[in-house]
Amino acid sequence: MTKLKAFILASIMFLFVKAHGQELVKMQPEKPQANDVVTVTFNQKGSKIPDTVKKLFINFTYSNFYEMPNRLPMQKVNGLWNVSFKLPFYSKYGSFTISDLNKDFVQQPTDTSHYEFFVYKDGKLIEGNYLAKGYSLSAQNRKSPTYEQQQQEWFKKELTLYPENYESQLRILTYQMKKAKGQAKWDARNKALAVIEKKFRSNPTFGGNINSTTMGFLIIGENQKVDSIRQVVANDFPNSDYAKEHNLSKFLQTKNEALVVDSLQKFLKTVKTEDRKTYSSAYNYLFRYYIKKKDKANALAYYSATIKADTSPYRWRDYNNYVKFLESHDMLLDSAKKLNTYILKNVDKYPTSVIRYFPETGYLIGFDEKRAENLKQAESELKAMQGILSYKLGDKTEALKWLGEVRTTLQSKELLLKVADVYKNTGDKAAATEMLANAYKLTPFDKSTTALLKASILTNGGTEADVKANLIALDKEWKARHYNGLKKIILDKPFPDFQIVDRNKKLLTAADLKGKVVLIDLWATWCKPCIEFFPYLQVIYEKYKDDKDVMFVILNTASGNTFEDAFTWVDQNKQFPFPFYFNEDKKLSAKLDVNTIPTTFLLDKDSKIRFKKVGNEGEKAMPQLDAMIEFLKQQK
């Protein structure tokens with residue numbers, strides 16, 4: 001068969017399979033608009049998903065539906081599965097697959113594409129659909145060797161409808177910069193800079209436009225210009241609100257506190273009431289300064305302006321931080337309690353997920369599938385603080401009432417330690433020990449909490465043997481709790497082929513991993529959360545470093561790093577004695593479905609991925625990682 005015939009046959013088969021895949025799934029309306037209710041219908045017969053699967057879900061693989069869950073359950077009606085959802089007012093292109101709960105069976109048009117929908121207005125595609133389609137390929141077909149070229153085609157298609165689309169222009173020019181050499185490379189860069197300059201000058205003092213400008217510099221890889229553009233605004237438009245806020249922010253970094261305070265006090269006397277919000281950080285600075293100086297009169301004077309300046313959804317978290325700040329300094333406790341009461345009355349508004357802000361949409365609070373649970377914990381913490389403040393204000397009866405409400409529900413180590421102090425000071429040593437035990441179960445690797453618990457047991461008439469027995473029992477308790485949770489999230493995926501080397505460029509092999517529980521932590525030198533996670537990871541490493549059945553692979557992803565970058569950093573940070581490795585497989589992140597670092601994997605003795613943790617959970621991660629290792633060690 002000639003290559004041409006083979007290509008034609010393959011193309012026909014691709015189109016047939018894709019058409020068949022699309023027939024199994026239907027969407028109404030065919031040209032949805034923002035705020036429309038979209039219904040997806042799926043015919044399970046003839047699909048990849050067997051009839052034995054009784055629960056199906058639609059999984060959004062790419063969308064900007066920040067306030068929606070990333071998967072929705074489908075309902076079976078008259079033999080067909082369907083689900084309906086309302087498109088947000090800001091929605092654009094979206095892609096999705098259909099699967100069972102654990103994604104053991106996934107239905108999509110082809111192996112390299114997902115189901116999709118575009119968003120219209122009056123029958124015309126709105127701006128950004130094809131741009132988003134290009135971005136979505138990172139989820140749909142990232143492993144393809146022509147992935148970048150495919151993206152470029154969609155970015156170009158966006159420009160056929162919207163020639164001035166900012167991001168598409170920059171993505172195309174950035175690709176040209178990457179591929180070109182010599183003068184052509186510089187020409188592409190200059191064109192990209194011209195696009196960014198045009199965007200900036202279109203509305204140079206508008207915060208959203210400035211963000212777009214800085215994003216442009218990040219897209220073309222000129223991160224060093226991000227700060228300079230803010231300074232350009234400050235210099236060229238000194239009377240704009242943005243310039244005022246920028247200059248104030250820089251001034252507040254001055255190390256001479258006395259100079260800052262004196263200057264701010266003189267300046268704020270000239271500020272009009274309607275302009276106070278622009279200078280909210282100045283009021284906040286003075287408020288915190290006088291609290292730390294124990295100057296009640298001045299602190300109170302700036303407290304009111306600090307509170308009133310905040311009107312965003314962030315304010316509930318900010319208010320909570322103000323309460324904690326006042327309590328920790330034993331200042332303005334009456335004001336702290338009033339503010340805490342106000343938060344408690346409005347606890348249903350407390351944000352428990354990521355808050356995003358876009359000029360075209362305003363604030364968007366991300367969907368939180370555990371919102372009810374997280375809200376209950378936020379309420380417990382607020383009630384605990386109410387009890388602590390009541391005690392400090394001299395009302396022991398009210399304090400014990402509030403603390404009694406959260407005695408079995410509170411999950412904050414910091415607050416548990418404070419509550420233990422209240423019980424200790426009110427003569428209830430047993431309750432104090434109970435609170436310290438609860439704090440220990442949350443952070444069993446924290447030496448100071450362990451010391452407090454030991455002291456409390458001994459003070460309460462216990463012996464060293466009692467201390468040992470209590471710690472053993474508590475260890476069993478927190479591990480059992482974690483084990484029960486692990487059984488619900490355990491995975492069963494083989495670790496993919498890899499090309500990993502150590503600092504001597506010796507290849508790590510599959511045989512090296514066999515028979516061991518392996519912790520693989522992905523990081524990069526530029527990733528601040530990755531580095532911040534290392535001290536917590538080190539505690540776990542120190543516990544198991546001599547265990548022949550456990551292996552650690554602290555793996556630089558090679559994203560934005562060379563081998564030299566990685567190990568230069570390692571040599572400069574000797575406080576972390578991990579076994580560091582370097583990834584030489586550009587597709588490893590795609591194989592592992594990793595989009596964010598740090599990401600930590602736990603492999604069992606057969607080199608199967610059993611657990612995956614994304615992000616830096618700090619102190620909370622330690623007992624979970626420890627439980628994961630012990631759980632896998634016990635498996636045969």
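We did not get these values from a lab; they are worked out from the coordinates using the rules stated. Here the structure is a predicted model, which means the values were calculated and not measured. Here the Cβ positions follow ideal geometry from the backbone for every residue, glycine too, while neighbour counts run over all protein chains shown.
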Residue-span extension gain [residue 572 to residue 368] - 0.36 nm each, minus C-alpha spacing: 69.5 nm
Net charge of Cβ neighbours under 15 Å - reference residue 216; Lys, Arg +1; Asp, Glu -1: +3
Going through 396/424; 250/324; 31/121; 191/250; 55/76; 324/392 one by one, the pairs whose alpha carbons sit over 20 Å apart turn out to be 250/324; 191/250
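What pairs in 86/493; 244/272; 447/543; 92/157 have C-alpha atoms more than 23 Å from each other?
Values: 86/493 34 Å; 244/272 14 Å; 447/543 14 Å; 92/157 15 Å.
Over 23 Å Cα-Cα: 86/493.
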Measuring from a point 7 Å past the Cα of residue 31 along Cα-to-C-beta, which residues in the range 63-106 have an amide N at less than 15 Å? none
Would you please name the trypsin sites (Lys or Arg not before Pro) within the range 251-349 that are DSSP coil residues with at most 15 other C-beta atoms within 10 Å of their C-beta? 255, 269, 272, 293, 294
Extending each Cα 7 Å along its Cβ direction at residue 563 and residue 304, get the distance between those two points in nm, one decimal. 6.7
The range 190-214 to the range 319-384: how many Å between their Cα centroids? 35
Tell me, what is the FRET efficiency for residue 269 and residue 619 to the nearest 0.05, using R0 = 45 angstrom and their Cβ-Cβ distance as r? 0.55
If I require 24 Å or longer along the helix axis, counting alpha carbons, and a Kyte-Doolittle average no lower than 1.0, what helices from the chain are left? Use full DSSP H segments. none
Give me the lysines in straight-line cross-link reach of residue 370: C-alpha distance below 19 Å, same-chain residues under 8 apart excluded. 349, 487, 488, 612, 613, 620
For the range 43-49, in residue order, the Karplus 3J(HN,Hα) values (coefficients 6.51, -1.76, 1.60; θ = phi - 60°; whole Hz; Gly and Pro = x) are 9, 5, 5, x, 8, 6, 8
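What FRET efficiency would be calculated for the residue pair residue 341, residue 421, taking the C-beta separation as r and a Förster radius of 25 Å, to the nearest 0.05?
Working: r = 22 Å, r/R0 = 0.87.
The pair residue 341/residue 421 has a calculated efficiency of 0.70.
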For residue 506, the lysines lying under 24 Å Cα to Cα, once residues fewer than eight places off in the same chain are dropped, come out as 514, 516, 545, 548, 574, 586, 587, 591, 605, 608
So what's the back-of-envelope 222 nm ellipticity for the chain, counting only DSSP H runs of four-plus at -39500 (n - 2.57) apiece and dividing by all residues, rounded to 500? -17000 deg cm²/dmol
Cross-link partners of residue 636 among aspartates and glutamates (Cα-Cα below 16 Å; sequence separation of 8 or more within a chain): 492, 549, 604, 606
Describe numerically, in nm with one decimal, the distance between label points set 7 Å from Cα along Cα→Cβ at residue 330 and at residue 52. 6.7
Count charges around residue 390 for me, please; just the other residues with Cβ under 9 Å from its Cβ, Lys/Arg as +1, Asp/Glu as -1. +2
Note down the nm distance, to one decimal, between modelled labels 7 Å out along Cα→Cβ at residue 411 and at residue 360. 3.7
Around residue 500, which amide H atoms from residues at least 5 apart in sequence, or from another chain, sit under 5 Å from its own amide H, with H modelled in the peptide plane? 508, 584
Arranged from highest to lowest average of other beta-carbon atoms within 10 Å per residue, in what order do the peptides 119-127, 444-452 appear? 444-452, 119-127
